[in-house]
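Here the structure is laid out as structure tokens; the discussion comes afterwards.
What follows is calculated from the coordinates using simple rules that are stated; it is not laboratory data. This one's a predicted model, so the numbers in the text were calculated from it and none came from an experiment. Cβ atoms come from the backbone with ideal geometry, glycine included; neighbour counts cover every protein chain shown.
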Amino acid sequence: MAQRIVVLGRQGAGKGTQCARLVESHGIVHVSTGDMLRAAVAAGTELGKQADAIMKAGDLVPDDVMIGIVRERLAEDDIMTNGVLLDGFPRTTAQADALEAILADQGNELNAALNIDVPLDEVTARMVARGREDDTPEGIARRLELYEEQTAPLLEWFAERNKLMIVDGMGTEDEIFARVEGALGLA
């Protein structure tokens, strides 16, 4: 059965890396809202222009915009068939409520919310090292602050629904992947 998994963790925790490995090993579709937004910015779409200004300020794109983008993507055939790894969505409990409703409308439900746990000092160092244009010291600090404020309550939201799985995100990619597969019952 196709799995629907939310992947959580601070920026720089290795979500993209672990998602890529899950795609390769299990064929689940990886949907990174960050990648979707960066693609819209690069394409110069109207949404991309709005998102670019918001992201350059270090703020998060509003719920209604993100929910619309995700609703459209989750209805596509590849996800209906192979499942999805949602990376970067939901970021708020309002988005989580919307996700629950979107999946219910499809006759599906969320299988798990996987939190890749990496300490603040380590994710900061990783983001500085990767050198993306939006990874300025101010931008990094602001995104991590927003994560703690807005996304941390999601952990409680998923825990209340018995969907939260926490995986230690320190170690080699292989060690972390073994923990991820074990937590998701895919090993």
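Here the 3J(HN,Hα) profile of the stretch 35-40, calculated from phi with Karplus coefficients 6.51, -1.76 and 1.60 at θ = phi - 60°, is 5, 4, 5, 4, 5, 5 Hz, Gly and Pro shown as x.
Excluding D59 itself, what net charge comes from residues whose Cβ is under 14 Å from its Cβ, given Lys and Arg +1 and Asp and Glu -1? It works out to a net charge of -2. Between L8 and L114, N115, I116, the built amide H atoms are under 5 Å apart, and every one of these is 5 or more places off in sequence or on another chain. For the stretch 3-184, a simple Cβ point-charge model (Lys and Arg +1, Asp and Glu -1, everything else neutral) yields a dipole of about 180 debye relative to the Cα centre. Annotation: the antiparallel percentage among DSSP beta bridges lying fully within the stretch 3-184 is about 0. Straight-line reach from K163: taking Cα to Cα under 25 Å and skipping same-chain neighbours fewer than 8 places apart, the lysines in range are K15. Just so you know, the Rg over Rh for the stretch 3-184 is 0.93, from Cα atoms, with Rh as the Kirkwood radius. Amide H contacts of V84 (H built 1.01 Å from N, in plane; Pro and chain starts excluded): Q3, R4, I5, V29 sit under 5 Å, all sequence-distant by 5 or more or on other chains.
State log₁₀ I(q)/I(0) for the stretch 128-187 at q = 0.14, 0.23 Å⁻¹ as given by the Debye formula over alpha-carbon point scatterers of equal weight, solvent excluded. Computed log10 I(q)/I(0) values: -0.63, -0.98. Based on DSSP loop calls and a cut-off of at most 16 other Cβ atoms within 10 Å, the longest stretch of the chain free of exposed trypsin sites (Lys or Arg not before Pro) is what? It runs 1-131. By the beta-carbon count within 10 Å of each Cβ, the least crowded to most crowded order of T93, T81, T33, fewest first, is T81, T93, T33.
Over the chain, DSSP H runs of length four or greater, each weighted -39,500 (n - 2.57), average out per residue to a 222 nm ellipticity of -17000 deg cm²/dmol.
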